[in-house]
Structure formats: C-alpha cells, structure tokens
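Just below is one structure, and these are the notes that go with it.
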2 protein chains.
Amino acid sequence: MFANKMKPRFALSRYIPILKWGTHYHRADLPHDLLAGIIVAIMLVPQGMAYALLAGLPPQVGLYASILPLIVYGIFGSSRVLGVGPVAIVSILVASAVGGFAQSGTVDYLQLALTLAFLVGIIQLGMGLFRVGFLVNFISHPVLAGFTSGASLIIGFSQLKHLLGIDMPRMEFFETVTYALTHANEADPVTVMLGVLSIAMLLYFKFVLGGQLERAGVRHAIAIPITKSAPLLIVLLGTTAVYFFNLNESASVQIVGNVPAGLPPLTMPTMEIGTISNLLPTAFIISFVSFVESISVAKALAAKERQRVSPNQELIALGLTNCASAMSGGYSVTGSFSRSVVNYDAGAKTGLASMITAVIIGLTVIFLTPLFYYLPKSLLASIIMVAVFGLVDIKTFRFMWQYNKEDAFSMIITFVTVLWWGIEKGVLVGVGSEILLFVWHASRPHIAVMGRMPNRDIYLNAARHDVITCDRVLALRIDQSLYFANVQYLEDAVFRWLQKCPNMQHFVLICTAINSIDASGLVMLESLQHSLDEAGVTFHLAALKGPIKDRMIKVGFTDEFGIEHIHKTTHEAMVVIGCE
Amino acid sequence: MFANKMKPRFALSRYIPILKWGTHYHRADLPHDLLAGIIVAIMLVPQGMAYALLAGLPPQVGLYASILPLIVYGIFGSSRVLGVGPVAIVSILVASAVGGFAQSGTVDYLQLALTLAFLVGIIQLGMGLFRVGFLVNFISHPVLAGFTSGASLIIGFSQLKHLLGIDMPRMEFFETVTYALTHANEADPVTVMLGVLSIAMLLYFKFVLGGQLERAGVRHAIAIPITKSAPLLIVLLGTTAVYFFNLNESASVQIVGNVPAGLPPLTMPTMEIGTISNLLPTAFIISFVSFVESISVAKALAAKERQRVSPNQELIALGLTNCASAMSGGYSVTGSFSRSVVNYDAGAKTGLASMITAVIIGLTVIFLTPLFYYLPKSLLASIIMVAVFGLVDIKTFRFMWQYNKEDAFSMIITFVTVLWWGIEKGVLVGVGSEILLFVWHASRPHIAVMGRMPNRDIYLNAARHDVITCDRVLALRIDQSLYFANVQYLEDAVFRWLQKCPNMQHFVLICTAINSIDASGLVMLESLQHSLDEAGVTFHLAALKGPIKDRMIKVGFTDEFGIEHIHKTTHEAMVVIGCE
C-alpha cells in the first residue's frame, strides 16, 4: 500500500532531507556553505561555553553540544539554515530543572543534564512522529514574548555574580537582584572592569560597527564575519590579558580553568524511573519552548526563499539532535535565533554549513582547549548579558497594549509569573491565562441590532451605520458561536430587548457569525423559542450555516422550531416577515 | 447618590423580596401556599433524614437543615417556589469532603459539616454581592448531566450497605460495587426484604399510581399529596412493622434509634484556618453545584409564570440560607429539583409556602421524633436509591451523541472521572475538558471557498451551493475568529490553495465570521500579506467588522496593508477586483 501511494525514495527523503539536497549538491553552493559554517563557528565557540556555564555545566559541555548535534541536524533538518546548539533560554531551563535535584559542578548534575536532553529528544521525536506539532500553536505571541522577556531578565541577572566576581547562591529572581545590589561593594574591581569593557565592545560591534563598515564600503560578505567575531575577539583579548598580567592570582579574576582536550566519548544517559519523573515536567516545557524558538526562525527564513519547513519533520530532527547531544556528552540544544540569522545572512545554502560548523568546533575541542585556561568567566557572562537583554521585548508589549489589552495582559501575566514563580510555571500560567481569557472573551460576545441599508438588501449594525429598522421586528446579530458559556448572555440580551420593544412581533437571530452551536446552545434556543412563543413573538433564524442546520434537522429541533422560520439570508427573513 | 437614583424602598425589596410580596399578600393565595407547604413537608421529613444519613450525619441534622433555612429562603429568595433543604448530591459531596478529615458519627464530623455549610454560605453570599453569578455558566449542560449521572450512581451504590444490612467501610465507587457483590451472601434477609418491598412501593407510587388516580377521575390537588406521600407512608409502615415484630432484635434490622426531641440551639460554627483550608475546595464545588441545581429549576419554573429570577439575588438568598443552616445545627442545603416541582404543582404562590413547610418540620422535631426510633435504615436507603437512579441521564447522553460528539465526550469524561476519581475532581476535569475542547475546536475552524449566486450579489459556500467562482480570485471564508491557536491553520490553508491555483491574482478573506483578531492573528495577517505580495497576489479583506478595522487603523496595520484593500462587503471586493 505504501509503495503504491508514493515512491519510497520520496518518502525516505521526506524524513531524511539530506537525501534530497545531498544527492543534488551544487558545487557553486560550497563556498557559501563554507563561509557561513565558519562564521557560525566563530560565534558558537564562546556562546557554547557561556551557555554551558549558564546551565550550571562545565564549559566543554557546551562545545560537545555543538558537534554531533549539528551533524545530525544537517542530516534530518528540513530547514537549510537553522543554527542549532546551546541557547540561553533552554540553558536557564536546564539550570532551573537540574539545580533542584543536584549541586552544580557534581557528576550527578551532569548526568541529570544528559538525561534531560535525552528526554527532550524522545518527547520531540514522539511529537514529530505522531504529528502533533500543531500543539505549539497554543503558545501565543504574547505568552512567548512575555516568557522570553522574563527569562532574559532572569538570565541576565543570574550572570551578575560572574560580572561582579562575587559568590552568589542559587536564588529566586528578586532575591538575586537584591543580593547583587547589597553585595555590590564586595565586587572585584578588575573583574568588573573586564566585564564592563567587554560589554562596551560587544555593544559597539553589535550596534555601531556594522554601519561604519557599510559606510566605508566594505562588502557584506566581509563585514558580517567582522561584526560577528566580537565575542571571539573578546575571549582572545581577555584571555591574553589575564595570562600576561597574571590577573587570576594578582586580582583574583575567576577563570575557566582546565578544559579537557579531545572529543567526548559516546555514552548512553542513565534512565531511572525516579529521575525521569523528576525531570519530565521541565522536559516537556523545554521540548515546547525549544521547538517554538526553532520553528519560528526556521519558518521566517524559509519564507524569504519561498521554501517551506515542515513542523513535524523539524520536531523529528530536533528530537534526534537532542538524543545525539545526550549521547555525546552535550546537553539540550535547539535552533538559535541569532546564529540562524547569521547563517542565512552569510549565505548558507544547505545543511552542509551546519556540518562545517560542527567540524570546526570538533577541531577546537581537540586542539584549542588549552587556550581557554585563562579565559575569565566575567567575559562569558558579558556575552550572555548582551545577548539576552536585547530579548526584553518592550516594543511588542507596546504594540499589544495599543492593539488588544487582553493580549497585553497575557504578556504581562506571563512575564510577571516567570519572574515571581520561575520560568516553567510562568509558561504554564501564561498558556492557561490566555485560554481562560479566550473563553471569557467568547462568553461575552458583541451583540448588534441590525438594520437595512436604504435601497440595498444589505443589513448592517444600526449603531454604526445609517440604516432602516422596523419596530415590529428585532434583528440581532451575535458575533460569536453559541456555546455553554455565552448562551445565558444572549438569552438575557433578548429578554432585555423584549422589555424595551412592546411592539415586537418577530425576533430574527442573524447567524452569520455563528460557526457552531453546542448542546447547551441548542437547549437554550429551544427554551427561548418557548418563551418568545408565549410572549406572542415569532422566532426566526437567518443565514444559519449549512452544517449546523443539518444537525438541527437530525435531532428534530426544526420540527418544533418550524423549518419555515429558518431563512437563507437576513433579507429573505425580512421579506417573509413583510418588513423588507 | 444612591437616594437620587432609585427609591430606597425599591432597592431594599430587591435584596429582600419578602418586602415586595409580603406587603401585598393576597388572601386568596393562602390556601394554595398552605397546601403546597404541607405536601413538601410530607416529602421533606423522610428525605431530610435519609439525606443526612447519606452525608454521614445523624438523621435529625437533616431535619434541622429544613427549618430555619426554609424561613430565611422565604425572606430572601427571588424564586417563589424553590424548595430548599437537604438534597442528595450536596449530601454526598459533604460526606466525601468531611469523611476525609473525621470519622462519621463523631462530634468532629458534625462540627466540620457545620463549618462546611457556613463556608458554602459565605462563598455564595460573596458571589451574589460581587455579582459573579455568571461564573456558573461555565458548567455546561453536558458536564452537569455527566456529573449528576455519576454522582447518582455513587450515591445509589453507597446505600447498598443499608439495603443489605452489612458493614461497609468508606471506599471508592468501584470498590464499593465489588465489595457489595462479594459480600452479598452476608446480607440480612429481613433487611433486604424490607428494602425491596419499599423500593417496589416507591416505584409503584412514582410511575403507576398517578396515572391510575387520574383515570379514576381524582382531582389533581388531591392526587399530588397522595402520590408524594409514598416515602412517609413507607416510613410509617416500616417503623410499625419493626416495632410490632421486634425486628431490630429478632432479625438484627438496623434502626435509626434515638432522635433527640426539640429545636436545635443557635450556635456559631468553629472557623479555624486549618479546617477552612481543608474544606475550602469542596466548599467552592458545593457552592457552584448547589447554585446550578437551584437556579436551573428556579428559572424553569419562573419562566412558566413569565416571572424572572435574579441569579445574583438567588446566590445571596442561598448564601444566607446556608449560613442559617450552619448556625441552627443543619448542614449544606440547596434548592431541590423534585420538591420545587412538587411545590409549584401543588400551587405555591409565594415564599410563605416554604415557611409553612418549616413550621411543620419544626413541630415534627419537637413532638414526633420518638416515632422514628424504630425506623429501619434500609427504608431511608431505599428512598435515596429510588430518588437518585432516576437522575442517571441516558436520554440526554443519547441526544448529545446524536447532536454533537464533543458534548457527548464532555459528558462521558465527566461521568467517568466522577466514578473513578471522585465527585469533586470529576467536576473540575469536566469543566477543564469542555474548555479545552472548545479551544481545540476553535483552533481548527471550517474554511469555505465562496462563490456568487447567479444574478445575485450573495456569496455562498461553493461546496454546498451552485455558485459562480472565478479562477483569478480565491475567496475564503473562515468560520471563526482569528486567534493564536488557529492562525497557523488558516495560513496553511491559504498556502495550500496558492499551490493549487496557479492563476490566482487576488485573495479575498471574507470576514463575516471573524469576531475578533488577536495580536497573533494580526501578526499572521501581516506576514501572510508579505508572502502573497511576493507571489504576486493581492490580499483583500471583505466584510471586516467595524471595531476590528478601527483597531487595525490605530496600530498602523492598514498603512501597509492598504485601506483600499478592505471592503465593506464581499460583493464590493469583487466589483473592485473586476470579477463580480
């Protein structure tokens, strides 16, 4: 059956996209992929180490998470430009989940992080295979924006300890802020200076240098590697400074220290029931959040090239990528917004770019780790801080506040609960609140009295247009489907109008906006008809949608209601009533 | 300000309805109120004792809950015919909540029941004063039906121990059924015989006698008291039998025993923080469930007389009624469906009927309690069983299954979780599931390709009607508001059509059914416009609702979209496109 329906080759390449682009690889694409791969690697080395520290893991774990996973994604990913690897928000989620069960720096902590990555992989793989990728649509823009903003603040402030060079226990957000403010006097001046200089340099490269190069007529292909190399440059300069001035001993600047050389061994993470059930809630949240982040940027970039990414294939690819990370000493990875954009801008054409990045990181791990011994932690902290504070999304909030207060409310509530209750609970509260708001909103629909446009058979809201109404007839349009939470609201409105209009003989419910009527709605219509009947008012339905009418006929509703009182259009109803 | 807006007298009588009907009481109403009051009392004496046993309380508590509460309801209730007092479902909720913290029969248990009633009273009073009665609209018909059916089964089977005369510990539903079946051989034969005879008699009175009396030409006013007196009759006959044949000793039939004589003292229930937080979740559920049960029957009966009940006033009245019950030795009460209908049928005109019932119960408590000494518990159990098995609502389920599978699913899931996880969790799961189903449903809206009716400017679903379409133009109508969970679905549908129709030059989104567009929806429209633009397709919106358009203009969406591409009607759009 399978073979009859489609060519097996086609089916396989759908699940393993490298079979498609790999077998038709254009030689002309190679320089582009090569350049993009190198630039992303330049960003990824310092980012990988920094995000690993953020996750409470040794820096090399961030590099391990940037080798095999990138190769696996290159094989299975449906996006050609997505830059997977460690990202800030997933890292803080890892820290918050694993930190609850083990002490950062211990073997247990590392083991739990590997297990968590594997769980995330399994969940994403499962979601992809069962094609339930649509579930992430329930994380709306406001919730995502509120979550990202809140998480970014948490991440940024969590780095204050490295930037100030002080010891700080694991704490809630507000405690962290208070602690940092009250202990600022204990800060190590040289550490702070290094951090501040590095932040200044990063900001200069990020916001100023690009424009200057452009104005100086530097080609795009050269300008991008220059502007994106700021973190690497800082790492090199900072490490050199510490080494030459012996700052780690003379000024107690904290350094990364010994980073083991060589590729990580392939292992299987431990999977005990107890551990799994502890980590499962966060594993689900990471799976969703990581997928949302990946698919948004992947879709945006694919659209520019008129390509499409398949959400479920992306889930499969990310799932396999996370499993690969867990089995090669890495931790949870996802598509990075910034690196994907850079990858695209630098001209990446296929998944080969991702694989080239992986090879460079692999060479770094084998040959260059001794260089990182004197790397000051405050520099990695400054890289994280500059990256995440840009994610605090005030612009989106302002837009939502203007457009729709409810969306703005969802964003605020997510933002605030993320800060107060932690990131995982924040997401859950955000999604819950937007669903409740949606239902609440739908329970108080807009109801308009409708009138006829002069000399046209078009009926419009009498409150907004100059239309003709007729006092024997009340025509109401409810701008919502009828369902349990709003049937009472409609019934009350009808009775209110019934009291106001003593001459009313006909009530027409205009159903253009009624997309479905649930059982509670049908029961209400039945009882409303009885009440109107006793009051001497005939009840009409106009412009009722076909599928709803069919079901009404099926359960015998129309027998009592009178099929002759259901009209195709509002105008038809008015003609029958004699009030057109 | 208050005095300016309305006469204080009117305002006061709104909150204390007795001021309205009491000051204009018609003498002609007295015989009706008197008869109705007596008949309800005849039902209430055995029911009150039976439901108290069901709640795990001594029988007199059910009678105490039928004195002061009925007087208070008569004063504050906006329904003239609602018969308040103990009911089966609230009783089982009390048993399930209090049974978790104390042993039935102890003083602690009784104290907790009083506290629970007081909490319910406070919650209902608060809901009424803050006018949030609409919240109960979120308990839909399917959930209510599933809940009632499940709770009725639990109640019915919980009475098996009395009917069989065996000891049975407090257990989950399925354990109870299994236990009863495996221990049926230990049943006391005389107890079982009494119970079975009593059930047969109750069923005869309930289903057969009414018709026989009618055919014999007995007047309605006489037939009702006769048919409704079955429980009282059984109590009298059973008690007499036990007394004369000494069944409580010769055959170990369990009897009610000593019921203290006299009115209960007025007391204040204990309110400790620990107790309150234990009981609060169930108190909320009882508040909601009891209100839903009361308001449904009150509204149905008021509509017959073209009167209206005020939901918030009903909450205030029920709240005060429950407080009164807690302060006079009773437990949680609510409006009983069966007694309210009997009250109405028997001709009750005002709250005086309720007060007359209270006086009769009061006299019973003072003078007649010695009569109940030999009353067998199996008779009370049979009364409960016959009352509740009628509530297992297969008819509603069949209707929902036919009309709307989702409603049927909500009903089943509520029913099953009530049986598996207990009544309180069942309600929560039911409400949660219907909200999720609603959101899920709204996330996969119906999308129709629209065409023009020949020689009319009316546009209908091309799949259902014989209409004219034009291959340069795709006109889609989405039958749902645009919001976070469905924007992806619409975008995917548009892209699918874009692939199918190579000649497409214009895409018209017909917005008749779009009642609101949230921020996620607006962001999607923006990106869809960019994509269509690049594909050489012009994007139009037709029949967009005024308030939505206003907000689009406010946030500058229309600047980029082009206000000239937003049309008042579908036809107008087609005329502009040149494809009418």
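The values are calculated or read from the model by the stated rules, or taken from the named source; none is laboratory data. This structure is a prediction, so every number in the text was calculated from the model and none was measured. Here the Cβ is made from the backbone with ideal geometry for all residues, glycine too, and neighbour counts use every protein chain on show.
Is there a residue being closer than 27 Å to B:GLN159 by Cα, of a type outside the set (A, V, I, L, M, F, W, C) and touching a residue at least 12 places away in the same chain (Cβ under 8 Å) anywhere in segment B:31-47?
Kept after step one, since they are closer than 27 Å to B:GLN159 by Cα, are these residues of segment B:31-47: B:39-47.
Then drop every residue that is not of a type outside the set (A, V, I, L, M, F, W, C), which leaves B:46-47.
Filter once more, so that each one left must be touching a residue at least 12 places away in the same chain (Cβ under 8 Å): B:46-47.
Yes - at least one qualifying residue is present in segment B:31-47.
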*Among what's in segment B:441-465 and is assigned to a loop (DSSP other than H, G, I, E, B), more than 24 Å from B:ASN404 (Cβ to Cβ) and among the hydrophobic types (A, V, I, L, M, F, W, C), pick the residue that is farthest from the other protein chains (Cβ to nearest Cβ).*
B:ALA462
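Specify the residue that is modelled with the lowest pLDDT; the eligible residues are those in segment A:466-480 that are crowded, with 16+ Cβ neighbours inside 10 Å and more than 8 Å from chain B (Cβ to nearest Cβ).
Once the filter is applied, the top-ranked residue is A:CYS470.
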*Of the numbered conditions (1) closer than 30 Å to A:ASN404 by Cα; (2) buried (at least 23 other Cβ atoms within 10 Å of the Cβ), A:ALA519 fails exactly one; give the number of that condition.*
(1)
*Given the conditions (1) in contact with a Gly (Cβ under 7 Å, 6 or more places away or on another chain); (2) crowded, with 19+ Cβ neighbours inside 10 Å, which single one is not true for B:HIS162?*
(1)
*Here are some conditions: (1) more than 20 Å from A:ALA381 (Cα to Cα); (2) touching a residue at least 12 places away in the same chain (Cβ under 8 Å); (3) not in a helix (DSSP H, G or I). A:ALA102 meets all but one. Which one does it not meet?*
(2)
*Since A:GLY422 meets every condition but one in (1) of a type outside the set (Ser, Thr, Tyr); (2) at positive phi; (3) touching a Pro at 6+ places or on another chain (Cβ under 9 Å), which condition does it not meet?*
(3)
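Kindly establish whether A:MET355 is hydrophobic (A, V, I, L, M, F, W, C) and within 23 Å of A:GLN254 (Cα to Cα).
On the way: hydrophobic (A, V, I, L, M, F, W, C): yes; within 23 Å of A:GLN254 (Cα to Cα): no.
Spelling it out, it is not the case that A:MET355 is hydrophobic (A, V, I, L, M, F, W, C) and within 23 Å of A:GLN254 (Cα to Cα).
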*Quick one: which residue in B:VAL431, B:VAL494, B:VAL418 is touching a residue at least 60 places away in the same chain (Cβ under 8 Å) and out of contact with any Gly (no Cβ under 8 Å at 6 or more places or on another chain)?*
B:VAL431
*Taking into account only those residues within segment A:173-192 that are assigned to a helix (DSSP H, G or I) and surrounded by 15 or more Cβ atoms within 10 Å (Cβ to Cβ), which is nearest to the chain's Cα centre (by Cα)?*
A:PHE173
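So that you can scan it fast, the table gives a plain yes or no per residue for (1) at pLDDT 90 or above; (2) under 16 Å from A:THR270 (Cα atoms):
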{"site": "A:GLY77", "(1), (2)": "yes, no"}
{"site": "A:VAL94", "(1), (2)": "yes, no"}
{"site": "A:VAL107", "(1), (2)": "yes, yes"}
{"site": "A:PHE118", "(1), (2)": "yes, yes"}
{"site": "A:ASN137", "(1), (2)": "no, no"}
*Out of B:HIS567, B:HIS530, sole residue that is within 13 Å of chain A (Cβ to nearest Cβ), under 47 Å from the mean Cα position of the chain (by Cα) and over 25 Å from A:HIS441 (Cα atoms)*: B:HIS567
*Looking only at segment A:533-563, and only at residues there that are away from every other protein chain (no Cβ under 12 Å) and without any contact (Cβ under 8 Å) to a residue 12 or more places away in the chain, the one that is nearest to A:SER481 (Cα to Cα)*: A:THR558
*If B:LEU436 passes every condition in (1) within 14 Å of chain A (Cβ to nearest Cβ); (2) closer than 22 Å to B:THR396 by Cα; (3) at pLDDT 85 or above but one, which one does it miss?*
(3)
*If you take the residues of segment B:409-425 that are at pLDDT below 85 and in a helix (DSSP H, G or I), which of them is nearest to the other protein chains (Cβ to nearest Cβ)?*
B:LYS425
*Out of (1) within 11 Å of chain A (Cβ to nearest Cβ); (2) among the polar types (S, T, N, Q); (3) in a helix (DSSP H, G or I), what's the single condition that is false for B:THR512?*
(3)
_Considering residues of segment B:481-509 that are part of a helix (DSSP H, G or I) and among the β-branched types (Val, Ile, Thr) only, the residue farthest from the other protein chains (Cβ to nearest Cβ)_ = B:VAL494
*Condition broken by B:ILE38, with the remaining ones in (1) surrounded by fewer than 24 Cβ atoms within 10 Å (Cβ to Cβ); (2) outside any helix (DSSP H, G or I) satisfied*: (2)
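If you check B:PHE284, B:PHE291, which single one turns out to be more than 16 Å from B:SER78 (Cα to Cα), part of a helix (DSSP H, G or I), touching a residue at least 24 places away in the same chain (Cβ under 8 Å) and not hydroxyl-bearing (Ser, Thr, Tyr)? Show your work before the answer.
Values: B:PHE291 fails: more than 16 Å from B:SER78 (Cα to Cα).
Only one candidate passes the filter, namely B:PHE284.
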*Quick one: B:ALA298 ticks every box in (1) more than 19 Å from the chain's Cα centre (by Cα); (2) among the hydrophobic types (A, V, I, L, M, F, W, C); (3) over 23 Å from B:ILE384 (Cβ atoms) bar one, so which box is it?*
(1)
*Matching entry among A:LEU391, A:LEU428 (being out of contact with any Lys or Arg (no Cβ under 9 Å at 6 or more places or on another chain), outside any helix (DSSP H, G or I) and among the aliphatic types (A, V, I, L, M))*: A:LEU391
